[in-house]
Amino acid sequence: MAEEKPEKPSTVDFAREITSKLGGETITYCYQCGTCASSCPVAKTTDRYNPRQILRLALLGQRGEVLTEDAIWLCASCYNCQERCPQKVEIADVIYALRNIAISEGNIPAIYTEFATGLMSEGRIVPISKFLEKKRADYGLPPLKPTGIEALKKILSATGFDKIMFKKGESQ
Amino acid sequence: MTSYALFLGCTIPARQPQYELSARKALTKLGIELIDLENMTCCAPPPLQSIDLETSLAVAAYNICLAEEADLNMITLCTGCFESLAMANRLLKEKPELKERVNKILANAGKEFKGNKEVRHYLQVLMNDVGINSIKQNIIKPLNNLKVAAFSGCHLLRPSALLRFDDPERPRIFDTLIEALGAKSIWYKNKLRCCGGLLRGYADDVALAIARDKIVNAHNASADCISTLCPFCFLTLDLGQVLIKTTYKEEYNMPIIHYAELLSLSLGVEPKELALDFHKVKIDKVMEKIG
Ligand code: SF4
Ligand code: SF4
């Protein structure tokens, strides 16, 4: 994948960038013991993924590699590592922070565009078919209440979410 | 009667009417009133947290505001919704500066997060508001020692520092509630490990390999079924078996049943009222066993 931004000059800068993001605050506590990787269901299943390795690269300032490669998208957000990390690194949240940075730079896997589109059009990431909505009465379920799509749109534009997802448009 | 604002979420009404039906019926029978509020949205689960954590917190907080305005605590069925909402609720209650930041965003939608309500998963409501004894007293059809592989899903338990649902390494609540129905909650390998569901759509091969492990482990422990709480885990394991058949040429026929369905059946709800045909893996074996 082509890099969007030039490499940041020093290791410290990328670490500082991550710790200043929501979710990324604890990354510098990592002392590379590997407990996270050995508690990780994804790392056990594929050698494409190792959380300790991601943290190592990030702490070494390998910004481009971390943000553009496949690995950060392979965390299943199960929080098993986070429960067990002896240094209290909030690993799953650090991965979210890395994904947030990657996405803000236009590196957006297609599935995330799909989720965001559902959210912005209907207020739900999984849309409800008209068929099932009609069937509800047959099952004896109450009609669905309308979603708060108007309020939601205001929130998404206040945080810039709509722009993050749809201005750059690489994945659309 | 205890009343709660029901947070239904997206996946349950979109895909799993059998979950919604069984949960509504069972909880109502046990004296819990479920109130459907207008203007709820998606809970802002991991896929949205991956896009932007700050937005996700604000969206979760927005939904909690609706419950605050209705002066109700919130009940969730989906463990994913539980995690997003309970985590946001705890974080914003504990971190005033974060609350202030989120409230600035919410002001655009005319809302303010106050932090005076609780977000509960329905298992907590069963444990604490209904109580094990009262559940036992209401059971009409005990489940005849059905061997159940309990699978709560990650986000009921973790991150435990914020969710505080149960001991994250040795949880007991879900098992206790299964056994209250006259079933057996059995041990199986890697019981607390993730189903891989969140990788579906990005890395389907990895997701399926992780889901297969779960099915194989329950199968090897001679489970009659796997019981779930999360609609996403359900999909991953139920539809997953169709994919396992085509990809791995293996067939396990392991019924996946939401706990709310087991609860409804044992409370005497008629199976035909529960839309059980939404199961891809048929649950006939289980129905026979419980009579
Ligand atoms: S368990 Fe914690 S300290 Fe050890 S490598 Fe993983 S993140 Fe670093
Ligand atoms: S949260 Fe991510 S990195 Fe941690 S154990 Fe789960 S899948 Fe692995």
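The helix-based estimate of mean residue ellipticity at 222 nm for chain B, built from -39,500 (n - 2.57) per DSSP H run of four or more residues and divided by its residue count, is -14000 deg cm²/dmol to the nearest 500. Distance from the Cα centroid of the range B:108-161 to that of the range A:43-108 is 31 Å (rounded to whole angstrom). Taking the Cα centre of the range B:1-134 as origin and assigning +1 to Lys and Arg Cβ atoms and -1 to Asp and Glu Cβ atoms, the resulting dipole is close to 200 debye.
The angle between the Cα long axis of helix B:96-106 and the main principal axis of chain B comes to about 90°, on a 0 to 90 degree scale.
Can you give me the relative contact order of chain B as a percent, contacts being Cα pairs under 8 Å and 6 or more apart?
Taking the mean separation of contacting Cα pairs over the length of chain B, I get 20 percent.
Positive end of the dipole of the protein assembly as shown (Cβ unit charges, origin at the Cα centre): among B:LEU92, B:GLN241, A:PHE166, the Cα lying farthest that way belongs to B:GLN241.
With R₀ fixed at 45 Å, the C-beta to C-beta distance from A:CYS33 to A:LEU144 puts the FRET efficiency at about 0.40.
Comparing B:TYR122, B:TYR188, B:TYR248 in a Gaussian network model of chain B (Cα springs below 10 Å), the most mobile by mean-square fluctuation is B:TYR248. Spin-label model, A:LYS163 to B:GLU251: label points 7 Å out along the Cα-to-beta-carbon direction sit 5.6 nm apart. Placing +1 on the Cβ of every Lys and Arg and -1 on the Cβ of every Asp and Glu, with nothing else charged, gives chain A a dipole about its Cα centre of roughly 500 debye. The relative contact order of the range B:2-122 comes to 30 percent, based on Cα pairs under 8 Å that sit 6 or more residues apart. With 31 Å as the limit on Cα-Cα distance, the pairs of B:LYS99/B:LYS280; A:LYS88/B:LYS191; A:LYS88/A:LYS153 that go past it are B:LYS99/B:LYS280; A:LYS88/A:LYS153.
Take B:195-208, A:116-129, B:73-86 and order them by the average number of nearby Cβ atoms within 10 Å per residue, most first; the result is B:73-86, B:195-208, A:116-129. The stretch between B:ALA221 and B:LYS104 holds 36.9 nm of extra length on full extension. This uses 0.36 nm per residue minus the Cα-Cα distance. Protection proxy ranking of A:54-60, A:17-23, by the mean of other Cβ atoms within 10 Å over each peptide's residues and highest first, is A:54-60, A:17-23. With everything on Cα atoms, drop me the angle between helix B:204-220 and the longest principal axis of chain B, reported from 0 to 90° to the nearest 10. Tilt of helix B:204-220: around 50 degrees. The modelled label-to-label distance for the pair B:GLU169/B:PHE278, using points 7 Å beyond Cα in the direction of Cβ, is 3.7 nm. Around the Cα centre of the range A:110-165, unit charges on the Cβ atoms of Lys, Arg, Asp and Glu (plus for the first two, minus for the last two) sum to a dipole of about 140 debye. Set the Förster radius R0 to 41 Å, insert the Cβ-Cβ distance between B:ASP204 and A:VAL12 as r into 1/(1 + (r/R0)^6), and round the FRET efficiency to 0.05. In this case the efficiency is close to 0.60. Mean sequence separation of contacting Cα pairs (under 8 Å, at least six apart), scaled by the length of chain A, corresponds to a relative contact order of 22 percent. Within 10 Å of the Cβ of each residue in B:20-29, the mean number of Cβ atoms contributed by other protein chains is 1.
Taking the C-alpha atoms only, the angle from helix A:130-139 to the longest principal axis of chain A is near 70 degrees.
Close amide H pairs (under 5 Å, H built 1.01 Å from N) link B:ARG120 with B:MET74, B:ILE75, B:THR76, residues at least 5 positions away or on another chain.
Per-residue shielding of B:197-204, expressed as the average number of other chain Cβ atoms within 10 Å of the residue Cβ, stands at 6. Think of the protein assembly as shown as having a plus end and a minus end, set by charges on the Cβ of Lys, Arg, Asp and Glu; of A:ASN50, A:ILE91, B:ALA26, B:ALA26 sits farthest toward the positive end of this dipole. The label-point distance for B:VAL242 and A:GLN87, in a model that sets each label 7 Å from Cα toward Cβ, rounds to 4.5 nm.
Partner shielding of A:79-91 amounts to 3, given as the average count of beta-carbon atoms from other chains within 10 Å of each residue beta-carbon. Estimated from helices alone, the mean residue ellipticity of chain A at 222 nm is -14500 deg cm²/dmol (sum of -39500 (n - 2.57) over DSSP H runs with n ≥ 4, per residue).
Readers should treat all values here as calculations from the given coordinates under stated rules, not as data from a laboratory. Owing to the predicted nature of the structure, the values given are computational and were not obtained by experimental measurement. Neighbour counts run over all protein chains shown; Cβ positions are idealised from the backbone, glycine included.
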